[in-house]
1. Hey, can you tell me all the residues within the range A:48-69 that are under 16 Å from B:GLN573 (Cβ atoms) and in a loop (DSSP other than H, G, I, E, B)?
2. Looking at (1) under 26 Å from B:SER602 (Cβ atoms); (2) of a type outside the set (Ser, Thr, Tyr); (3) more than 10 Å from the chain's Cα centre (by Cα), which is the only condition A:LEU23 fails?
3. Given the options B:SER175, B:SER248, B:SER183, name the one that is touching a Phe, Trp or Tyr at 6+ places or on another chain (Cβ under 9 Å) and surrounded by 20 or more Cβ atoms within 10 Å (Cβ to Cβ).
4. Can you find a residue in the range A:18-29 that is more than 7 Å from chain B (Cβ to nearest Cβ), farther than 27 Å from B:ARG213 by Cβ and either small (Gly, Ala, Ser) or surrounded by fewer than 16 Cβ atoms within 10 Å (Cβ to Cβ) (or both)?
5. Could we say that B:SER378 is within 18 Å of B:PHE249 (Cα to Cα), out of contact with any helix residue (DSSP H, G or I) (no Cβ under 8 Å at 6 or more places or on another chain), free of Cβ contacts under 8 Å to residues at least 24 places away in the same chain and of a type in the set (S, T, N, Q) here?
6. Can you find even one residue in the range B:169-182 that is aliphatic (A, V, I, L, M), in contact with a Leu (Cβ under 9 Å, 6 or more places away or on another chain) and in a helix (DSSP H, G or I)?
7. So which pairs qualify, if the first residue must be in the range B:293-311 and within 13 Å of B:PHE347 (Cβ to Cβ), the second must be among the acidic types (Asp, Glu), the Cβ gap must be under 9 Å, and the two must be at least 6 apart or on different chains?
8. For the range A:1-17, what are the residues that are surrounded by fewer than 19 Cβ atoms within 10 Å (Cβ to Cβ) and part of a loop (DSSP other than H, G, I, E, B)?
Amino acid sequence: MNRIPVDSSNISSIGFDEDSNTLEVEFRSGAIYQYFDVPLAVYQDFLDSPSKGQYYAQHIKGYYRFVKV
Amino acid sequence: MAKSNSKRKMQSKSTYLGTIQDVIGTSVSVSLGNEALSGLTYVDGEGYRIGQIGSFVKIPIGYIDLFGIVTQVGSSAAPEKHDKNQVNGNRWLTIQLIGEGQRNGNFERGISQYPTIGDEVHLVSESDLKRIYGQPDKPYFVKIGHIAGSESISALVDVNKLITRHSAVVGTTGSGKSTTVASLLSALSNSKNYPSARIIILDIHGEYSHAFRGQANIFKVNADNRNQENELYIPFWALNFDELMQVSFGDFSNEKDRSALLERMLSYKEKTISVYPKKGVSKETLSVDSPIPFSLSQLWFDLWNEVFFTYYSDGGKKPVRENWAFEKDKDNRDIVGDAAKAIPPRFKPVKNVASDPEKIQYGTSTLNIRGQLETLGSKFRIPRYDFLFHPGEYSPDLDGKVVKDLDSFIGVLLRVLYEGLFWSRRLSQGGRHRPLLVVMEEAHNYLNENFKGIASNVVQRIVKEGRKYGIGAMIVSQRPSEINSTILSQCGTFFALRLANVTDRGHISGVLPDNLDGLTSMLPILRTGEAIIIGESVKLPMRTIIEAPPKDKRPDSQDPIVYDEKPTEDSLQPGGWGIPMEPNPNFEEFLEVWRAQNPLPSKVFKGEGKIKTLTKKKES
């Protein structure tokens with residue numbers, strides 16, 4: 001998935017696919033995770049949020065199912 | 001007089017520790033000199049603690065220096081029967097001799113002469129150590145860290161001996177084992193120094209793929225193309241007969257069945273080369289072990305028919321194919337099966353009823369391999385075996401799923417490698433001219449004592465004979481006591497990290513190439529990332545701080561996360577007990593991957609990713 005590089009201490013890039021509502025998050029460690037059934041709005045808010053780590057912790061972690069790819 | 005003068009001069013040196021009082025074999029007892037009372041001495045402005053267990057001492061005798069390692073300090077180090085009431089108290093050291101150094105600096109293992117009573121024992125200073133360890137310019141020495149306690153001295157490992165004489169990396173989980181391996185490998189795979197290095201990592205847990213991405217070709221069952229992984233195939237026809245039988249049919253109950261199978265397989269291979277001639281093998285030289293492709297599923301299918309068929313025997317019909325009693329499907333067609341898809345035919349059960357003129361009898365095969373055929377038939381259909389039986393199709397992950405399969409898999413892989421390199425030993429691509437290092441991670445899983453699998457056999461062969469054909473093994477394990485001791489004792493170099501378990505430690509000290517109890521007793525108190533390197537590829541045993549590779553070259557830790565230590569904004573972990581559960585738990589994917597026996601659900605998005613709706617304007 002194409003991911004957009006982001007400026008964050010723990011997340012290096014994020015990507016999204018609208019058809020499948022899949023959010024892809026790449027960590028600074030290089031590990032990549034896909035979150036399922038994520039609304040587009042969440043992705044947009046994530047991308048726009050000033051602190052990616054905080055947004056991720058508050059709105060994504062614990063809300064969506066994920067798989068390490 | 002001159003002698004005693006010179007002696008006095010030596011004793012006045014700041015490195016002087018004491019005098020030898022007793023020599024038994026390689027163990028030497030030393031009484032500490034009065035001068036060395038303070039416990040701390042200064043040599044060239046640097047402070048040294050006297051009598052540290054594991055520290056080195058030298059014994060100058062004539063033109064050579066003997067080197068030893070301190071293994072015991074205090075009253076128990078005094079020789080037996082010694083009068084304990086001494087003026088200076090019980091200030092004794094026990095030393096194990098290890099080797100000798102010429103005055104010009106060459107150090108060699110083993111000693112040509114013994115010290116004797118009255119010889120002086122001196123502290124080994126940093127400049128001595130530099131003389132022993134330091135040859136940093138030679139390209140066949142690879143640096144993996146520095147000597148513990150002396151940052152300025154690099155820990156150098158001789159590549160030649162490291163690879164051909166095999167090595168073992170042992171240590172408790174969390175002692176820095178993977179980092180040590182990664183550090184070694186990143187030094188060895190440095191393309192500037194070693195443009196032709198050839199290393200295979202059997203990376204059961206997928207720990208290293210991230211660290212060596214870009215440098216390495218990653219082969220994996222169920223590869224992910226986005227991560228530059230290649231699909232791993234091990235064609236079954238590359239195995240020799242016994243191994244193929246082991247992974248396909250299983251054991252035979254008698255020799256007759258086995259030889260029948262052998263004959264069949266040979267005839268299938270013969271058929272192949274008569275249609276597709278191959279260089280290097282002719283009908284005369286072909287053996288059942290020759291790596292010639294053939295259709296195993298066809299062989300299986302033919303055997304299935306032969307063993308399971310039943311036939312209409314009424315009216316004295318012969319058991320030939322046109323009389324076979326196939327079951328019918330709903331369109332009244334014979335269920336003849338499909339060799340390619342591994343679908344067996346179905347035959348009617350035996351029937352002998354007086355009122356029914358139709359009689360069905362068992363076939364006439366004398367082979368007793370029904371069970372084996374059924375086993376193989378199901379293996380054909382189990383995705384776990386696809387890398388072997390169906391290279392190229394949907395396949396599972398090998399990530400430590402089933403240890404039993406792992407063994408045969410690793411054995412098979414090593415086997416193919418070994419055979420290939422063995423026969424190509426005269427070629428430029430062969431092992432003698434371009435040696436191969438095989439790194440075996442989690443080796444206790446497939447090299448354990450009570451296992452008689454292929455892996456154990458092949459590794460034993462690699463370890464025993466591999467040297468001649470240019471194959472070196474590096475065995476990595478946290479449970480060395482579970483590794484076959486024949487295999488372990490062949491390892492010339494040990495990287496021993498922290499090992500707390502007594503059994504493991506005992507096993508290691510039993511097989512170490514140097515007999516140094518003092519060193520192995522340090523194993524439980526080593527720091528993380530600290531290793532004792534003992535053996536042929538180092539000049540002296542060295543206590544080394546392994547230099548960790550850069551962050552992005554480190555192997556992934558395999559420990560599951562219970563509670564991330566980092567604050568949640570900086571966490572690199574998406575899970576753990578500290579994170580609330582999803583509001584509506586859904587185990588859809590959980591079930592799917594279990595049924596599919598594939599860790600990645602079909603939901604995983606593999607495309608580029610599209611966003612049709614216009615993205616909101618970025619707020620500043």
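1. Those that are under 16 Å from B:GLN573 (Cβ atoms) and in a loop (DSSP other than H, G, I, E, B): A:LYS61, A:GLY62, A:TYR63, A:TYR64, A:ARG65, A:VAL69.
2. Failing condition for A:LEU23: (3).
3. On the way: B:SER175 fails: touching a Phe, Trp or Tyr at 6+ places or on another chain (Cβ under 9 Å); B:SER183 fails: touching a Phe, Trp or Tyr at 6+ places or on another chain (Cβ under 9 Å).
The conditions single out B:SER248.
4. no
5. On the way: within 18 Å of B:PHE249 (Cα to Cα): yes; out of contact with any helix residue (DSSP H, G or I) (no Cβ under 8 Å at 6 or more places or on another chain): yes; free of Cβ contacts under 8 Å to residues at least 24 places away in the same chain: yes; of a type in the set (S, T, N, Q): yes.
It is true that B:SER378 is within 18 Å of B:PHE249 (Cα to Cα), out of contact with any helix residue (DSSP H, G or I) (no Cβ under 8 Å at 6 or more places or on another chain), free of Cβ contacts under 8 Å to residues at least 24 places away in the same chain and of a type in the set (S, T, N, Q).
6. First, pick out the residues of the range B:169-182 that are aliphatic (A, V, I, L, M): B:169-170, B:181-182.
Still in the running and in contact with a Leu (Cβ under 9 Å, 6 or more places away or on another chain): B:169-170.
Among the residues that remain, those that are also in a helix (DSSP H, G or I) are: none.
Looking through the range B:169-182, none of the residues is aliphatic (A, V, I, L, M), in contact with a Leu (Cβ under 9 Å, 6 or more places away or on another chain) and in a helix (DSSP H, G or I).
7. B:TRP304/B:GLU374
8. Hits for the range A:1-17 are A:ASN2, A:ARG3, A:VAL6, A:ASP7, A:SER9.
The values are calculated or read from the model by the stated rules, or taken from the named source; none is laboratory data. Please read all numbers here as calculations on a predicted model, not as lab measurements. So basically every Cβ, Gly included, is an ideal-geometry build from the backbone, and we count neighbours across all protein chains shown.
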